[in-house]
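A short worksheet on the structure shown next.
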Amino acid sequence: MTDRIWEDLLSEQDKQVITKAGYDKEGASSWESRGMGENPMVLVIDMQRLIVGENVPILDAVEEYRTAMGDIAWDAIEHIDPFLDFAREQGLPVTYTRVVPSSYDDPDHPDLDIVDPVAPEEGDTVVDKSYASAFYGTDLLSRLVRGGHDSVIIAGNSTSGCVRATAVDAKQNGFSVVLPQECIFDRIEASHKIGLLDLWMKYAEVLETESVEEWVETL
């Protein structure tokens, strides 16, 4: 990737380890940790009202929902929205997840709705989940297999939580993982940067969204 947003977190020794051990080129050496695939599905993780909140600073957003991310989420939406339009134009299937916390008795509660700017369109799929990974306790794996998909492009949140868990499970199930970095977010900046660094080193291609689109256009 051309813009490593985690650079400021690394010591000089960290940078040398990454370079000398070949993570720049190969990722983790114990398995084929990176790859792009040829038939991706787009996964949009948990873009719901109780997580996104209002388009206000996060410290104001948490006054309404403790889990809301406010302007952090809305900054990402500015990238996710056009990327989803692009993906649909290219014929990529788009699957959404909704986390349904145990504290909600009604799975149709408005708090759990996916926010309008990135809401599902006709032909998209919505998968409800109860845990971090989009794979755990859902039929996502069978959907990927039935569709002949070899990779997933993940957008949404949070980098250190549900995105990470989904990316790791995708890799462990044999799928390549691609992360358009502007389309992913977390409430804590350090968690976001470290999460992307860890995923890049071990499990995923982390690229600028423009680079992901250029790859999709070659498929």
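Tabulated results
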quantity	calculated
Checklist (1) part of a strand (DSSP E or B); (2) in contact with a Ser or Thr (Cβ under 8 Å, 6 or more places away or on another chain); (3) among the hydrophobic types (A, V, I, L, M, F, W, C); (4) farther than 19 Å from Ala28 by Cα applied to Ala155, failing item	(2)
Evaluation of Val56 against (1) among the β-branched types (Val, Ile, Thr); (2) under 20 Å from the mean Cα position of the chain (by Cα); (3) modelled with pLDDT of 95 or more (one fails), failing number	(2)
Residues located in segment 202-219, provided they are under 16 Å from the mean Cα position of the chain (by Cα) and either buried (at least 20 other Cβ atoms within 10 Å of the Cβ) or in a helix (DSSP H, G or I) (or both)	Lys202, Tyr203, Ala204, Glu205, Val206, Leu207, Thr209, Glu210, Ser211, Val212, Glu213
Output for segment 189-201, where each listed residue is buried (at least 23 other Cβ atoms within 10 Å of the Cβ) and hydrophobic (A, V, I, L, M, F, W, C)	Leu196, Leu199, Trp200
Contacts under 6 angstrom Cβ, first residue in segment 69-90 being at positive phi, partner crowded, with 22+ Cβ neighbours inside 10 Å and outside any helix (DSSP H, G or I), 6 or more apart	Gly70/Gly53
Odd one out for Asp186 among (1) in contact with a His (Cβ under 8 Å, 6 or more places away or on another chain); (2) surrounded by fewer than 20 Cβ atoms within 10 Å (Cβ to Cβ)	(2)
Filter result (open to solvent by 40 Å² or more (accessible area, probe 1.4 Å) and either part of a helix (DSSP H, G or I) or not hydroxyl-bearing (Ser, Thr, Tyr) (or both)) within segment 133-146	Gly137, Asp139, Leu141, Ser142, Arg143, Val145, Arg146
In segment 46-68, the residues that are in contact with a helix residue (DSSP H, G or I) (Cβ under 8 Å, 6 or more places away or on another chain) and either assigned to a loop (DSSP other than H, G, I, E, B) or over 20 Å from Arg98 (Cβ atoms) (or both)	Asp46, Met47, Gly53, Glu54, Asn55, Val56, Pro57, Ile58, Tyr65, Thr67, Ala68
Cross-chain or 6+ apart pairs with Cβ under 6 Å, segment 194-215 first and acidic (Asp, Glu), then surrounded by 23 or more Cβ atoms within 10 Å (Cβ to Cβ) and not in a helix (DSSP H, G or I)	Glu205/Val178
Verdict on Tyr104 being open to solvent by 30 Å² or more (accessible area, probe 1.4 Å), part of a loop (DSSP other than H, G, I, E, B) and touching an Asp or Glu at 6+ places or on another chain (Cβ under 9 Å)	yes
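Residue-by-condition table, conditions (1) under 21 Å from Ser191 (Cβ atoms); (2) surrounded by fewer than 12 Cβ atoms within 10 Å (Cβ to Cβ); (3) at pLDDT 95 or above; (4) more than 18 Å from the chain's Cα centre (by Cα):
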site: Gly35; (1), (2), (3), (4): no, no, no, no
site: Met41; (1), (2), (3), (4): no, no, yes, no
site: Val44; (1), (2), (3), (4): yes, no, yes, no
site: Glu64; (1), (2), (3), (4): no, no, no, yes
site: Gly91; (1), (2), (3), (4): no, yes, yes, yes
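The values are calculated or read from the model by the stated rules, or taken from the named source; none is laboratory data. Keep in mind the model is a prediction, meaning the values are calculated, not measured. We place every Cβ from the backbone using ideal geometry, glycine too, and count neighbours over all the protein chains shown. Ligands, DNA and RNA are excluded from the accessible area calculation, which covers all protein heavy atoms including side chains. Shrake-Rupley method; radii C 1.70, N 1.55, O 1.52, S 1.80 Å.
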